[in-house]
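Single-structure report; data block below.
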Amino acid sequence: MVNLANPTLLVVIPLFFAFLSIIISPFLKKLIKFVPLIVSALNLVVIYFIGVKVLYGSIVLGTTAGLNPPYVIILAVDKLNFIIVLMVNVLGFLISFYNIFYMKEEPTDKFHILFTLLIMASSWISITGDLFNVFVAFEVLSLSSFGLVGYMRSKDSIEAGFKYVVQGILAGSLLLIGVVLIYAQTGTLNMAHIATKLDYVGSLEKLVPYVLIFFGLAVEGALFPLNSWLPDAHPAAPSGISAMLSGIVTTTAIYAIIRVTVTVFNYSAFIPYLFIIALLTLFFGEIAAFFQKDLKRMLAYSTIGQTGLFVLAFSVGTQASISASVAQMVNHSFSKAVLFLVAGIMIEAQGSRNIDDLKGFGRVNILTSILFVFAALSLIGVPPFFGFFTKLAILQTLLDFPGFLGYLSFALVLFAAIIEGVYFYRVFKILFEKSDKNFQAENPWLVISPFILVLILVILSSRPMSVLNFTNDIANQLIQRTIYLTSVLGGLK
Amino acid sequence: MNIYILIFSYLLLVLTIILSILAIHVKDLLAAVIFMGGGSLLVSLVFLLLQAPDVAMSEAAIGAALTMAIYIVAVKKTEREDNDD
Amino acid sequence: MNFSLLMILLTPIFGGLLAYAGSALHKAVRNIFFLIFLILPFFELYQYANKTIDNFYYLTVLGQSLSLGINALSFMLSLLFSLIFLLAYIFLLFEFDKSEDSDLAILEFSFLEGAVFGVLFARDILSFFIFFEIIALIIFFLIGKGYEESHNAQLKYITWALIGANSMLAAVVFLFFKAGSFGYAEISGYLSTAPTPIVLITFVLFVIGFLIEASIMPLHVWAPITYAEAPDSVSVLLSSVVKKVGLYLFTIFVFSIFGLNLFSKIMPRVFEAPLIMYVLQWIGALTIIIGTFVAIVQEDAKKILAWSSIAQSGYILLGLSLGTPLGVAGGLLHIVNHSIFKGILFFVVGGVIYRTGTKNLSELGGLIKKMPISFISMLLAIIATAGIPPLNGFVSKYLIYEALIQNKEPLLLTIALLGGTGSFMYVYRLIHSIFLGQLPKKYEGVKEVPILMQVPMLVLSLLALLFGVLPGIPMYFVSKAEAFLGFDPIKYTLTGFPEQPGLHALNVPIISAALMGGFVVAALIFYLLPKTRSVHQLDNYYAGEILTEDVKYNYSFGFYSFFDDIIKPFNEWSIDRIYENFVGFVKTVGDYIRRIYTGNLETYVSLGIIILTIFSLIYIIGGVLW
Amino acid sequence: MIRKIVYGVFILIIIAAIAIFMSNYKFGVDKMDVGKYYLDNTVPQTGAANVVTSVTLFYRGFDTLGEVTVLFTAALGVAVLYFMGENKRKQKLQESNFVTKIGTRVVFPFILLTGAYIFMHGHLTPGGGFQGGALIATGFLLLYLAYEETSIDRKKFYLVEGLGGLTYVIIGLLGFFMKGSFLANVLPNGTLFDLLSGGIMLPIYIGVGLKVGSELSNIIDDLMCEVKCEEAGGEE
């Protein structure tokens, strides 16, 4: 009997369909748009089978080539991987549904194949247990997002794509050098195996490969000062892609940073630096977002700020802080995806990305606007919504950080919350302002995906504590590294 | 490893660095591409000397030939312009 | 039947949802649904009349149970607020008559009531914060349905609300971090042994949040524009409910959670009060004086009310922060009384706007014959505002004055009395410009507001009169609340106060009768003396010209222009200007910071290189030193 | 100029840090037990003579699948960015040099043959799918340079490309279904140094070679069209 709870399937299924669709695309072009939908649905089935096991605390492994690690590549899913890969595929599913109705620009078939690959690469990064695999998946991720960012082929999207390519390639090279150095140092590429070998290495000796890997990942993870591709790329990309970039790509990159920092390097010496980097990311992101008049650019900067927020929480380094960080990651992914999808609808209805042109939009398209409001409220952490509880947890953990920096970050997070609140409330205000402008009515098909996402957010909001308990389990499993290491190196039963 | 081969490969590497710097600094894009291709070729030689024929082959085929051709195609689209800046 | 507190909280919300669904059928269905659910809380509250309940757990957050409870103070206020919500809703139905927003407004309205109950019933610092933020959110949306400038008001309001919320959140998280619990009792227990800086910082952070909502002086910047531009029924809620929620929390935190004893322990006493309370007294006094004086020179009816509301909350803060049984009783009583009479004023002005479409005083006038009921309501309300017997405002102000005398604070007493006089000036302006004088021609056809719309004004007017003549009724609740806060409640009778330390005997009916007697004598003189005769308004001459109806002969613009001249120099350094300069400064700095994202690839790459270099240097230097 | 020097110094510092780090570690010492395992076990486990190929295709076959996908994604990205609609794909004819034309005609089949040889003998001799594929693509590049009217049939190339990728995935899935592990060796190892040896490596490399060749040719086609089609557009 074939065991469906195998993580390799999460990579292989999308690939199979991607290769298949390039064959059939010249003949049955119209079918291609369903490929990402099918792929993520199939992936979700596999994730279900994996999840059943993962939730009982075991780590699900998928080896390749029929041998045992560290000699072959292994994919491992623990609770953290599970929640990330689940998020990738849920968002992938809903966004691809949105894309079916949103994308009209040719060549749509290639768009959807690239989107499939984006889902594949994100899933891959979030389940792999091999460092070089991270690099490879990262290349796929970067290349597919380059193509998708420049997809509209207008002047600014080409420019944004170019900036993204340059920084992405630089990041890729740094990552590769880092991986090579790690290989030179330890002679292996399996994360668990590296971890066992690096445990005996001094913290300064780890610095060079760690920094290189960290910077390689930080470009996609939108950490200051390497995040500057993001505010150009998000507005220029089609809205579905912006949602995917914001909700998934940065999240998976941050996941990779967490995995590398905690599991592989066990690197507490780096945490003060990470803390400062995250603080700067948060601060600059929110400040810049405050001054934006372009809706999608504002959301893009807000993504930077939010990334800073959850990396800040993570970098406190305690179990509670990692838990809060992951919860905020979930909150951010879902709500920011909604915001970008809804922004896409707004831009389509009105033909401009300027916030001021949206005046009165909410009086015509009330459902869309309410979705926007709900998602934004969850993002900025207004009480009944899920985001509030994650913000609370984050604030609480920040006080754990020793010394002055803890208080400073505490104050800065609150300051950022005020700023973020003000610029989002400004959009609400404009949405519901009186105006006699005529807007196109919303396309009901486009509203479905953000609606479901908001529904998810509402469900999360109604049971915030069960989510936080789950993220606490995640953090617990993450911090107890030996479980991961032994179960990966112990191989398959 | 044979000491002469070692010296030779170091020589090649230094030459590669020089070619790379030239490729960055030269104003004519076509010349830059050719410098780059030359660098790739030298690197593939180094790979060969270091007993990595597989990598050397990839480098020669992709780095020296294909990439260069694609760059030339791209350069062909630009106009030559002398601008001291 | 036994209604749990959570049910009281959910009743209006449920009603609102039902009404929203019902609006698909018919507007009448919607209205009736919602009215029922607005009346229900009274019955549900009834069973809690004499109970103090703590710790009704309803949610678990971060391993802590959140709980609801009710006490004498919150019982009193929830009763009052339910009434005001009911009346405001009736008013709202007319106000949003033609607007398409009415369904949504009702939904928001219902959530607002639920959240207000939530704050009142909260027994831990997290629940109160959650409900408080919901209030801010809903008020934000409700304001936007108002007048032209309301969208600016929205932004101003939410900015301040967010500042307040985050300041409170800081204190909440900090206290939770230190005390390990959210419950009021546990927090209180922790604070009694906490180091002084923690007590002070968290107290200030909380108080900033409360005082922003209560629009106390340096934090009031959002209030005038918001009160003036919000829909009228929402202005009522802002002034009579939301502001009082802020003051309620202030009361609870100062007396019940932090406690005066704690303050006395950690800081010197000034004029019988701990230093921080003394500072708060002065803040209250400043709010009174500045609020009153600014109110005097306003040209917009609702702006007058807004500034008046600011000034009156100064009285409440002053009374509460005296920290004596007398002062607290005065403050709590003034919370009730102010809610009532300011409610009337907003309702009347709202009614006038409903009929005439303007809130600009210089365009109004002479409506007394057209809208007599409104006129009488407003007359009662302004008497109450000015603090003259036999209306309710008198009793509470009297208590505050007496408390000031008891604390031997002549300066503050002077300010409070000055504020009383000033409030007479602006309320006179209000009634004069709207109801007296000449009727502009375009308002010839104006009618009295619909009967249902009169209900809110009349109900509140009756209450104002009742509470004014028989102060024992509100004092029944207030003294219980005082007992809950840990004071010796002051003695009272149905008609006033017996002689007791610090308070002279007061019997309002007798004073009222005396006053009425004087009034009757004056009326007798006025009507009986032969010289008076009744003439038409236009039976007059003006600089030799015969007056016609289209000439405006009574001035209502620049009414107190002499006064304007006096306070003009102070306008130069008004608080708003300071904030504007500050905001300008922050914007400039922020703009410079934003420039870090130049859009130039070279900058970005070099930033990356610089950071990498820093880490390389750390590695190299660290390696060498190691 | 000062900026250049400053950044030069910065980059030197970074390189110095990496160099200092590297100087602490020696290559090829017993630390590399994974590498040693590969050297010891390649022949019994895979039956391939070329250890490098056995590593890339068998032990780390999943990575190679990723690399194949990288190329696939890049080709798609280029196709998206240079997409100009079917109707615009008219090309201007331009005479090219006689020597090039004849030379190309002579060389082209040999290039294809060499490419095919390289990827088919990947498990025996140096080289493999990528190298062979790249070589094939250079052949097509030559064709483009010599004959301006060259235009490959995209449908067929997509077919080859997709089939190449599918071969890899399906062989991997066969391993998954038959042995419970993706890319497990389901074919017999054969005798060492035989063409038909190395288990699944031969079919996979054939697939990869064809795929890489067609992908790179597609990229060339896109780029060449970008040059030529626009010229044609300019003349109209």
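Since every read-out is calculated from the coordinates, none of them should be taken as a lab result. Everything numeric here is computed off the predicted structure, so don't read it as measured data. For neighbour counting, all protein chains shown are included, and Cβ atoms are generated from backbone atoms with ideal geometry for every residue, glycine included.
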Amide proton proximity set for C:Leu59, modelled H, under 5 Å, gap of 5+: C:Leu66
Given a Förster distance of 22 Å, the FRET efficiency implied by the Cβ-Cβ spacing of D:Lys155 and A:Ala41, rounded to the nearest 0.05, works out to 0.20
C:Ala505 versus C:Ala483: modelled label distance in nm, points set 7 Å from Cα along the beta carbon direction: 2.5 nm
Expected vector for region A:197-209, Karplus 3J(HN,Hα) from phi with 6.51, -1.76, 1.60 and θ = phi - 60°, integer Hz, x for Gly and Pro, equals 7, 6, 4, 9, 9, x, 5, 5, 5, 7, 4, 4, x
Taking each residue in C:595-606, count the Cβ atoms of any other chain within 10 Å of its Cβ, then average. What number comes out? 6
Just the ratio, please: alpha-carbon radius of gyration of region A:108-216 over 2.2 N^0.38 Å, N its number of residues. 1.25
In nm², the average projected area of the convex hull spanned by the Cα atoms of the protein assembly as shown is 63.8 nm²
If the cut-off is 16 Å between C-alpha atoms, which lysines fall inside it for D:Lys36, apart from same-chain ones fewer than 8 positions away? D:Lys26
Stretchable slack from C:Leu529 to C:Thr495, in nm (0.36 nm times residue separation minus alpha-carbon distance): 8.7 nm
At most 14 other Cβ atoms within 10 Å plus a DSSP loop assignment makes a site exposed; report the longest stretch of chain C without any exposed trypsin sites (Lys or Arg not before Pro). C:99-368
If you place +1 on the Cβ of every Lys and Arg, -1 on the Cβ of every Asp and Glu, and leave all else neutral, what size is the dipole of chain A about its Cα centre, to the nearest 20 Debye? 500 debye
Take the Cβ-Cβ distance between A:Ser203 and D:Val9 as r, set R0 to 30 Å, and report the resulting FRET efficiency rounded to the nearest 0.05. 0.70
Gain on full stretching of the segment that runs from A:Phe415 to A:Asn68 - 0.36 nm per residue minus C-alpha separation: 119.9 nm
If one puts a single equal scatterer on every Cα of region B:3-77 and applies the Debye formula without solvent, what log₁₀ I(q)/I(0) results at q = 0.19, 0.22, 0.25 Å⁻¹? -0.75, -0.92, -1.06
Take the Cα atoms of region A:313-444, find their three principal axes, and give me the spread along each one in whole Å, biggest first. 55, 25, 24
Measuring from a point 7 Å past the Cα of C:Asn261 along Cα-to-C-beta, which residues in region C:191-225 have an amide N at less than 14 Å? C:191-194
Simple label model, 7 Å out from Cα along Cβ direction - D:Lys101 to C:Leu6, nm: 8.8 nm
Restricting to lysines and to Cα separations under 19 Å from C:Lys491, and discarding same-chain partners fewer than 8 apart, the set is C:Lys397, C:Lys480
Difference of contour (0.36 nm per residue) and Cα-Cα distance, A:Asn476 to A:Asn3: 167.5 nm
Give the angle, between 0 and 90 degrees and rounded to the nearest 10, that separates the Cα long axis of helix D:2-23 from the longest principal axis of the Cα atoms of chain D. 30 degrees
Among the listed pairs A:Lys429/C:Lys145; B:Lys77/D:Lys101; A:Lys155/B:Lys27, those beyond 20 Å (Cα-Cα): B:Lys77/D:Lys101; A:Lys155/B:Lys27
Evaluate the distance, in nm, between pseudo-label points positioned 7 Å from the Cα of A:Ile271 and of A:Gln440 along their respective Cα→Cβ axes. 5.1 nm
Dipole of region A:95-165 [Lys/Arg +1, Asp/Glu -1 at C-beta], most positive-end residue of A:Ile113, A:Phe162, A:Leu141: A:Phe162
Total charge dipole magnitude, the protein assembly as shown, about the Cα centre, Cβ charges on Lys, Arg, Asp, Glu only, Debye to nearest 20: 1440 debye
Mind giving me the FRET efficiency for C:Lys51 and C:Leu275? R0 is 35 Å, r the Cβ-Cβ distance, nearest 0.05 is fine. 0.45
Give me a single rounded figure for D:139-148: the average over its residues of other chain Cβ atoms within 10 Å of their Cβ. 1
Calculated from DSSP helices alone, with each H run of at least 4 adding -39500 (n - 2.57) and the total divided by the residues of the protein assembly as shown, [θ]222 nm to the nearest 500 comes to -23500 deg cm²/dmol
Greater than 31 Å separation of Cα atoms is the criterion. Which listed pairs, A:Lys437/C:Lys27; C:Lys244/C:Lys587; C:Lys243/C:Lys568, meet it? C:Lys244/C:Lys587
Shape descriptor, chain A: equivalent ellipsoid semi-axes (Cα gyration tensor, sqrt 5λ, whole Å, largest first) stand at 33, 27, 20
How many partner chain Cβ atoms sit within 10 Å of a residue's Cβ in peptide A:373-384, on average, as a whole number? 3
